[in-house]
Amino acid sequence: MDCSHVFDFKVNRLIAAFTLFLALFTVVPSVLAQTDSVEAGATHEAVATTAAHGAEAGHEEGNFDPTEVIMEHIADSHVWHVAGHFSFPLPVILYTPQGLEVFSSGNFHHGEADHKGAYNTYRLVENPKDQSVGQNFFNKKIKVVAPDGQIDEAATASIMDFSITKNVAAMFLTVVILLLVFSAVASAYKKRHGKSPKGLQSFLEPIIVFVRDDIAKPNIGHDYGRFMPFLLTVFFFILINNLLGLVPIFPGGANVTGNIATTFILALFTLIIVNVNGNKSYWSHIFAPDVPKWMYVIMIPVEVIGVLSRPFALMVRLFANITAGHIIVLSLISLIFIFKSLAIAPVSVAFVIFMDVLELLVAFLQAFIFTLLSALFIGMAVEEHH
C-alpha cells in the first residue's frame, strides 16, 4: 500500500482535526440532551416523592437523588431510550430447564408488572439492592416469581439469560458500522488500486497507517502483520463505542466500554492471543527464569501473576476511565437540581462542555492505550531471545 502521499500532512494534525470535527456535532447536543435527561429524571423523582409523602406529611417537596439518575445512565437496561418519554423494548431470551422463552421486555411495563411466560412468571428487578453480589456481577435482573408472589431464587438460578440489552444492541450497531465502513474502504482499494485514496478511504487511511507504523511495528517487530486484524478491530471497536457513548440520544447513549463485562472480554482476547502465540523464550522466562533454582518457588508465582495482571490492568483502565467520565458529566449537571437554582446553571454547563471536549480526547486516548498495550504484550510474547 503506497501511502507516501498521505504523509504530506502530519498524523497528529489529522487526529486533532478529526477530534474538533466530532466535537462540533457531539458536544452541544450532548449537553442539551443530558440536561433534558437529568431534568426529566429529577421531575419524575420529585413527583414520586411528593406523592409518597403527600398523605403523611402535607405534600412536602421531595429531594433530587443524583445517584439514581447517574446510575440509571451508566447501567445496562432492557429498554433503549430514544427521546422524551419514548423508548423501545428489547427482546428477553431465557433458557430454562423446561425450554426456551422469548418475549419483549415491554411486557414488564418498566418493572411495574410481572410477565407470565410459557413455563414461569417473570419479574424485572433493576434495583441492585434487591440482588445478591453474584447476581449483580452476572447482571441477572430477570427473576422467577413463585405462586405466592415472592421471588424464587432457586428457580432463578436455574435459568440462563441471553437477553439483548441496550449494551448488546449497541455492540451489534458498532459491528454493523464497522462492517459497512471497512467493506466500503476495502472495495475502494480494489477499484482504485495504485491510485490516491479518495473520500472515506482517504479519511481512514492515516488512522490505519498510524496503528500500523506507530503501534504494531515498534512493539511487535517484523511479524506485526499477523496481528494487524486484531489490533485494528480492537482500536476501532473501542473508538466507535466510546464516541457513541458520548451521544446520549438514540442511537447513542449506551455505556458499552464503561461495562466491565465488555472490557473483561476484550482483555481476555488479548490474554489468549498473547499466550497462544508465546514462543519458547516467553514460556522459559515464566517457568524457567534465569535465576538460581531455589528462587523458582518465588519467581514462578510472580511471573504467573504478571501474566494475569497485565490483561486485568487493561480491563480496569478502560472501564474506570470511561465510567468516570460519564459520572463527572452527570454530576456537574446534577448540581443545578441539587442547589435548585438557575444561577449555577451557566457554571455547570460550562464545566460540562469542557468535560465533553475532554471526553472526546479520552475516547481516542483509551482506544490508543488499549491497542498499544495489547501490541506491547504480544511483542513480549513473540520476541526472539538474543
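What whole-number value in Å² describes the accessible area per residue of the range 296-386 for a 1.4 Å probe?
On the way: 4540 Å² over 91 residues.
The answer is 50 Å² per residue.
Pairs of alpha-carbon atoms within less than 8 angstrom and 6+ residues apart define the contacts here; what relative contact order does the range 253-386 have, in percent?
39
Decide, for the range 266-327, between rounded, prolate and oblate: order the square roots of the alpha carbon gyration tensor eigenvalues as a ≥ b ≥ c, take rounded if a/c falls under 1.5, and otherwise choose prolate if a/b is larger than b/c, else oblate. Mind dumping the intermediate values first?
Details: a/c = 5.14, a/b = 2.12, b/c = 2.42.
Oblate, since a/c reaches 1.5 and b/c is not below a/b.
Rounded to the nearest 0.05, what FRET efficiency do TYR95 and LEU335 have when you use their Cβ-Cβ distance and R0 = 56 Å? Please report the intermediate quantities before stating the final value.
On the way: r = 45 Å, r/R0 = 0.80.
Taking R0 as 56 Å, the efficiency between TYR95 and LEU335 is 0.80.
Excluding same-chain residues fewer than 8 positions from LYS166, which lysines have a Cα within less than 20 Å of its Cα?
Correct list for LYS166: LYS140, LYS141, LYS143.
Pop out the carbon and sulfur fraction of the accessible area of the range 255-386 as a percent, whole number, probe 1.4 Å. Could you put the intermediate results ahead of the total?
Values: 5360 of 6830 Å².
Within the range 255-386, the accessible surface is 79 percent carbon and sulfur.
Rounded, prolate or oblate: which fits the range 163-219 when a ≥ b ≥ c are the square roots of the eigenvalues of the alpha-carbon gyration tensor, with rounded for a/c under 1.5 and prolate only if a/b beats b/c?
The shape class here is oblate.
What is the packing order of peptides 250-258, 174-182, taking the mean over residues of other C-beta atoms within 10 Å and listing the highest first?
Per-residue Cβ counts within 10 Å, averaged per peptide and sorted highest first, yield 250-258, 174-182.
Using DSSP to define loop residues, name the trypsin sites (Lys or Arg not before Pro) in the range 134-194 whose beta-carbon has at most 14 other beta-carbon atoms within 10 Å.
Counting only loop positions with at most 14 other Cβ atoms within 10 Å, the trypsin sites (Lys or Arg not before Pro) in the range 134-194 are ARG192.
The values are calculated or read from the model by the stated rules, or taken from the named source; none is laboratory data. If you're wondering where the values come from, they're calculated on a predicted model, not measured in any experiment. Heads up, the Cβs are rebuilt from the backbone with ideal geometry, glycines too, and the neighbour counts pull from every protein chain shown. Surface accessibility is based on the protein's heavy atoms, side chains included, excluding ligands, DNA and RNA. Shrake-Rupley method; radii C 1.70, N 1.55, O 1.52, S 1.80 Å.
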